[in-house]
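K.L.:
If you scroll down you'll find the structure; I have some questions about it.
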Amino acid sequence: MQSKIENQKSKVQEVEWEVLPPEQPRDPRSIEPLFRWVALIMDNLLRVPGTQFRIGIDPLIGLIPGIGDTGSAVISAMALIQAARQGIPKIVLARMSVNILLNELIGIIPIVGDAFSFWFKSNARNYELLRQHTASGAARRKAGRGDWLFVIGVLVALAIVVGAGIFVTLFVLHQLILLVTGR
């Protein structure tokens, strides 16, 4: 009886538990659909009748003071984080970040920023950067510490710009209320 129990114990395999699965090498082309979708929705959703010019929801939601530009920046930043996770080189991430920051910085300016957003199309530019990178056949590498420090730095800069935009918007609204009420 005891040998039977020992025999059954030897047949039982021990299961190893993992908190997270090991990171699998990923192809940077796997995020291309994400960037294409973001570019389509944010920058190229509708064609202006009678023209070849396309607009997305980015400049339209940018018309909402403070909140619109913030929402647009958050969506773009999420795509940037995915690009970093896929091992896109820092130079490509830097160019994408500049596009996002320019769109946000100029987007803060009422009317001018919205017109700039119609023309600039930062998400479409970022999609094109990603396509150029993947078409070049550059070797994929795992995102390193420097990549993450860079992306975190860009996200902090973006948060500061967004925060400043919200502050300026609230300040202007407060001043308008004081002007209208005469206090």
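K.L.:
Is it the case that the stretch 93-108 has a residue that's under 13 Å from PHE150 (Cβ atoms) and open to solvent by 70 Å² or more (accessible area, probe 1.4 Å)?
P.N.:
Yes, some residue in the stretch 93-108 is under 13 Å from PHE150 (Cβ atoms) and open to solvent by 70 Å² or more (accessible area, probe 1.4 Å).
K.L.:
In addition: Would you pick out the residues in the stretch 56-67 that are buried (at least 17 other Cβ atoms within 10 Å of the Cβ) and either in contact (Cβ under 8 Å) with a residue 24 or more places away in the chain or basic (Lys, Arg) (or both)?
P.N.:
Correct list: GLY56, ASP58, PRO59, GLY62, GLY66.
Condition check ((1) modelled with pLDDT of 85 or more; (2) under 18 Å from the mean Cα position of the chain (by Cα)) across all residues:
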{"residue": "GLN86", "(1), (2)": "no, yes"}
{"residue": "TRP119", "(1), (2)": "yes, no"}
{"residue": "GLU128", "(1), (2)": "yes, yes"}
{"residue": "ALA138", "(1), (2)": "no, no"}
{"residue": "LYS142", "(1), (2)": "no, no"}
{"residue": "THR181", "(1), (2)": "yes, no"}
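K.L.:
I'm trying to understand the selection: among the residues of the stretch 17-55, which are surrounded by 10 or more Cβ atoms within 10 Å (Cβ to Cβ) and at pLDDT below 85?
P.N.:
ARG26, ASP27, PRO28, ARG29, SER30, ILE31
K.L.:
Still on this structure, I have one more. With the checklist (1) of a type outside the set (Phe, Trp, Tyr); (2) open to solvent by less than 80 Å² (accessible area, probe 1.4 Å); (3) without any contact (Cβ under 8 Å) to a residue 12 or more places away in the chain in hand, flag the one item ILE152 doesn't pass.
P.N.:
That leaves (2) as the condition not met.
The values are calculated or read from the model by the stated rules, or taken from the named source; none is laboratory data. Keep in mind that this is a model prediction, so the values were computed, not measured. No Cβ is skipped: glycine too gets one built from the backbone with ideal geometry, and neighbour counts run over all protein chains shown. SASA here: full protein model, heavy atoms, side chains in, ligands and nucleic acids out. Shrake-Rupley method; radii C 1.70, N 1.55, O 1.52, S 1.80 Å.
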